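Contents: one structure, followed by commentary.
Just so you know, all these numbers are worked out from the coordinates, no wet-lab data involved. Remember, predicted model here, so these are calculated numbers, not experimental data. Every residue, glycine as well, gets a Cβ built from its backbone with ideal geometry; the counts of neighbours run over all protein chains shown.
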Amino acid sequence: MQSETAAKRKTRGFAYFQKGFRTHRFAYALIVPTLLFMLLVHFLPMAQGIIMSTLKLNQFTLARYLHAPFIGLDNYKSLLFDGSNPVRQGMGFAVRNTVIYTIVVTFLVLAWGLAVAMLMNRPFPGRGIARTAMLLPWVVPSYVVGVLWGFMWQQDGIINYLLVDVLHLMGEKPFWLIGHNTIWAIIIPTIWRGWPFLMIVFLAALQTIPEDIYEAARIDGAHKLRQFVHITLPLLKPVFAVQLLFQFINNVYSYNIVSTMFGNGAGYPGEWGDLLMTALTRQSFGYWAFGSGSAASFLLMVVMLVFVGIWYRMFRSELNAQ
Amino acid sequence: MTRRTSAKLASLSLTTLTWIIVIVTVFPIFWMVFASLHTNSEIMKGITSFSLPSPQWSNYRNMWDMINFAVYFRNSLVICGLTTVFAGAFAVMAGYALARFRFAGSRTISMSIISTQMIPGIMFLFPIYLMFLWIKQALGIPMIDTYWGMILVYTAFYTPISIWIMRSFFVSIPSDLEESAVIDGCTKFQAFYKIILPLSVPGMIATGIYIFLTAWDELLFAWVLTTSSDVQTIPVGIRLFVGQYNTRYDLLMAASTVVTLPVMAVFFLTQRYFISGMTAGAVKG
Amino acid sequence: MLKKKSKWTLFSTVMALTLLLAGCGGNSGNGSGSQASGSAAASSSPSASASGQASSSAQSAPVTLSAWIMPNSPKPDADLLKVMDPYLKQHPNVTLKVTVLDWGSAWTKITTAATSGEGPDILQLGTTWVPAIASMGGIDKITDKISDVGGAENYLSASWNTTKIEGQEDIYAVPWFVDARAIYYNTEAFKAANVDPAEAFKTWESFEAALQKVNGVTVGGNKVAALGIPGKNDWNVVHNIFPWIWAAGGDVLSADHKSAVFNEGKGIDGVMYYTGLANKGLVDKSSLEKNSSQIESDFGDGKSAVIITGPWLAKNFATPKDAGGMSDKAAAKQFAISPLPAGPAGQSTFIGGSDLTVFKGSKHKDEAWDVIKYLSSEEAQKAYANISGQLPAKKSLIESPDLDSNMKAFAEATKYGKSYPSIPQWGPTETALQKHFANIWDIVAGVKGKYDKDSIQKEMDDAAAEVNSIIQQ
């Protein structure tokens, strides 16, 4: 019964598709190359990755790759329930840090980007230069950011010098690269490199808002804050939605800055510096737990898809409005 | 205080605030250049002085000498440049299709393009490596440690986001332009090619800069998929200044500067298009 | 219109400049010899063929060998080719293509290469990596050829142990150079504190007493800390701690290599002694944030009176600052080297370094072996040790009276040296140890809970549990 309707739907779908194909031949011609290409380089490897997560893959079986012993869901089981699984060691810290890191970075990058965009959306002498200068951190490669800030964070480095000796904000020079301050040592450079792009995106969006809307509001007696809340924010919502998603993905999958800041790329970033991606990479290659590593990656992907689903529900109207 | 002077004062303080933000933002970049003019041991000691009695310009000579940095530089330019071209082309085509046509599966395609971004890179790494091996064994085409292997992977990675950027750009161009062109006798392709493409140059530049900078930044796949200095990119080469027994932080900082400045220069020259591209549509999401 | 045009002109000028810059680099690279390009064909100069010394392979078809090495020396690829130069002259058919891997990504890259068989002909492996890569089937057995390179008796037993898998007879690698740990001390600081170095480094007790006396003395206007110790952010975290565990009578694993024992009483004593030095104020806490390079630099500046590191630092002290060395530093002319003090179980140190292997997937195994044979010759061993600042692997050279006087202290230290158990799971084991030992340094630095025997014991127990789950897999 069920299959029958499904089949019916399928044929109807096919007819619809056929008709659609004729009217949208040009659109298909444009998109098919991309689709094939993406299928090849995204979905094929992903499928392999999922298969890997059901295999016992360690240094002895790795050479057999997909012919390694099949163990079903054991990797998932041991990942979720077996406390002694080496892949799990320290994962708790990585998850906690990634949550903090993602929330703080995403929020601050968006908020600060918008705030500075508002500042820049008014004429003042040298605005072009200021705008270009602010964008520069975005051009610095993240593997350079990791090394550079690693120096600046040293206990006898420039940041402590400025904070303690020049500005007297702190009594004594704290450690940034060891202990719980490490999380700030990775969050702040990420924000530094991230916000300029958001600033330019928001600035661009602000400039598309026609001035007469504000004019009308001003005549109605709305003060600046009300204008911001009732005009600017709603109009920025679509931009905000997309950038929120991109920032969220980027930050959860952040790797370069942490991996280049600690131990010259081979070290352990510490219980407050380890992120999911550095931990997963270490687990896969450091422990040769490729099966468990793939299982963990797949679980992470599922969690991410759930988040994207929530995101889509939250912003569906904005995304479809255009 | 009159209203006007207080408004003036407010504006002045906002401008001052803006410039303070500029200084704080640019400071780390200044520091990178500044550090690159010190000796290795001065950098390791931690630099806290702003005076520079004897700038070590020799770092900028030695960095090419210690490792063959020019080759890495060339490889990065070729790989990232061609990636920009290919990913940009895909993005223009697919972005236009998704922006203008509501065809069967267009929403599914849009969402699956975004969901490719959810796949953790580390999950890809091994499968792609082995797929490349298989291609070589089955078809005789070497993929690992080749330009086109890297370009293929990067193009695949950066196409999805580029599609989104280009799509929103096309959405911002009024569709009556093509409609009137079609009425005038153009085919759909001609309307796209002759009317829309020229209008979307700023969008393409914005997308291109985005792709180039993201590819320029990639580390993990470059580590694994390239094995010889003929193909390895800057993020791989620059790590060679870090030895187990002797680390040349002076050269590392000089190399970082050299890696950053040309990109800045190109960015500086194209940013007008970049910003107008962003303004025109890339913001719509 | 004009404005637009001029902008493009500017743009292309910058691009041209960029390329020119890259081009300049290429030229200066070439200036230092064609080697800098990463590969060098042996010139088929008449003198080379006329010498007639060439072995049989010299007459055979041209062959390109690729070698993967780590940054062992100041100009890693050019330096190796310089050492290989005499060989390449004799074998004009051989072209050696050197690729340098950085230590951070080398492990990842070698693992993938070993799985696939797509890799170099000659592969440098850190001594602790050999059993892992061997058990993956990534490198060739060379058991029947070891007489070509002098056989086991010509190498330190601690480094020869790293060429096989524990419990098996087969040999997979040839030691290339040796890295050992010894004490560098500032002779002026010891003079100022009136401490006799000959007595100071005898036992743990005398060592600590000496450090107490040296701590805080003024040398060249600087107040020195007694000891410099790198902490969590070092890449030798594990090697920095094990000498003390060994000297206390502890060991890494049980005799059957089935379980971890480093967390047992004696091992803990060793860790407590070493970390205790830091806790007693003999170490400038800020050093616990740094890595070995920074600690060495601090020692050079006279910030610390004693550090523990490898042979390369002596070479570094002899290298001018323009070449990245520290010859201009105060301590460069007032340092001496001594083996580590004896603990309750006697003296000990860490022996590491690198081995050379023939990659399984190589299509030119005979030629690759021939190159390894050459690199194991006394001539090449000496030359490479000089360039890299490492100890040569050959016993005859280590024990030779011509050995550099600084290196003699290291040669002495190697007598008590130990290496890690050569088990296939050592790679993951070291990853786990690195993580937990990193936590120990955080505890010592005071940024992760209270420092006492219980907290260290707990971290060591966690490490042991993780190591057990790895080796019993």
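Miscellaneous remarks
- Counting, for every residue in A:195-204, the Cβ atoms of other protein chains within 10 Å of its Cβ and taking the mean gives 4.
- Under 5 Å, built H, 5+ apart or other chain: amide partners of residue C:95: C:63, C:64, C:65
- Put in line by how crowded their Cβ is, counting other Cβ atoms within 10 Å and starting with the fewest, B:110, A:292, B:41, C:405 read C:405, B:110, B:41, A:292.
- Note on chain C: dipole from Cβ charges, positive end direction compared against C:137, C:426, C:229; the farthest Cα belongs to C:229.
- Positive dipole terminus of region C:180-269, leading residue within C:183, C:220, C:209 (C-beta point charges): C:220
- Using only side-chain charges placed at the Cβ, +1 for Lys and Arg and -1 for Asp and Glu, the dipole size of region C:374-473 relative to its Cα centre rounds to 60 debye.
- Using the Cβ of residue C:94 as centre and a radius below 13 Å, the other residues enclosed give a net charge of -2, where K and R count +1 and D and E count -1.
- The mean number of partner chain beta-carbon atoms within 10 angstrom of a residue's beta-carbon across peptide B:171-178 is 0.
- For chain C, the relative contact order works out to 21 percent when only alpha carbon pairs closer than 8 Å and six or more residues apart are counted.
- Ordered by the count of other Cβ atoms within 10 Å of each Cβ, fewest first, B:93, C:460 give B:93, C:460.
- Close amide-amide hydrogen proximity is noted between residue A:275 and no other residue 5 or more places distant or on a separate chain, at a cut-off under 5 Å (H modeled in the peptide plane; Pro and chain starts excluded).
- Size of charge dipole - the protein assembly as shown - debye, nearest 20, with Cβ of Lys, Arg +1 and Asp, Glu -1, no other charges: 4420
- Order of A:42, C:364 under a 10 Å beta carbon neighbour criterion, fewest first: C:364, A:42
- Separation in nanometres of the label points that stand 7 Å from Cα toward Cβ, at residue A:115 and residue C:333: 5.5
- Given charges at Cβ of Lys, Arg, Asp, Glu: the protein assembly as shown dipole, positive-most of B:92, C:96, C:337: B:92
- Under a 5 Å amide H cut-off, with hydrogens placed 1.01 Å from N, residue C:179 pairs with C:352, C:353, C:354 among residues at least 5 apart or on other chains.
- The phi-based Karplus calculation (6.51 cos²θ - 1.76 cosθ + 1.60; θ = phi - 60°) puts the 3J(HN,Hα) values of region B:252-261 at 4, 5, 5, 5, 4, 5, 5, 6, 7, 4 Hz, whole numbers, x for Gly and Pro.
- Using C-alpha pairs under 8 Å with a sequence gap of at least 6, the mean separation divided by the residue count of region B:59-284 gives a relative contact order of 35 percent.
- With contacts taken as Cα pairs under 8 Å at a separation of at least 6 residues, chain A carries a relative contact order of 27 percent.
- Cα centroid separation, region C:329-369 to region A:66-115: 37 Å.
- Most to least packed among C:84-96, A:99-111 [average Cβ atoms within 10 Å]: C:84-96, A:99-111
- Radius 15 Å from Cβ of residue C:435, net charge of other residues (Lys, Arg +1; Asp, Glu -1): -4
- C-alpha center-to-center spacing [region B:114-179, region C:385-424] in angstrom: 50
- Around the Cα centre of chain A, unit charges on the Cβ atoms of Lys, Arg, Asp and Glu (plus for the first two, minus for the last two) sum to a dipole of about 1340 debye.
- Backbone HN-Hα couplings from phi across region A:249-257 [Karplus 6.51/-1.76/1.60, Hz, Gly and Pro as x]: 4, 4, 6, 4, 9, 5, 9, 4, 5
- Spatially, region C:171-229 and region A:248-322 are offset by 44 Å when compared through their Cα centroids.
- Projected label distance in nm at residue B:54 and residue C:402, using a 7 Å step from Cα toward the beta-carbon: 3.5
- Residue-wise HN-Hα coupling along region A:195-210, computed from phi with Karplus coefficients 6.51, -1.76, 1.60 (Hz; x: Gly, Pro): 5, x, 4, 5, 4, 5, 5, 5, 4, 4, 5, 4, 6, 7, 7, x
- Among beta bridges that DSSP assigns inside the protein assembly as shown, antiparallel share in %, nearest 5: 65
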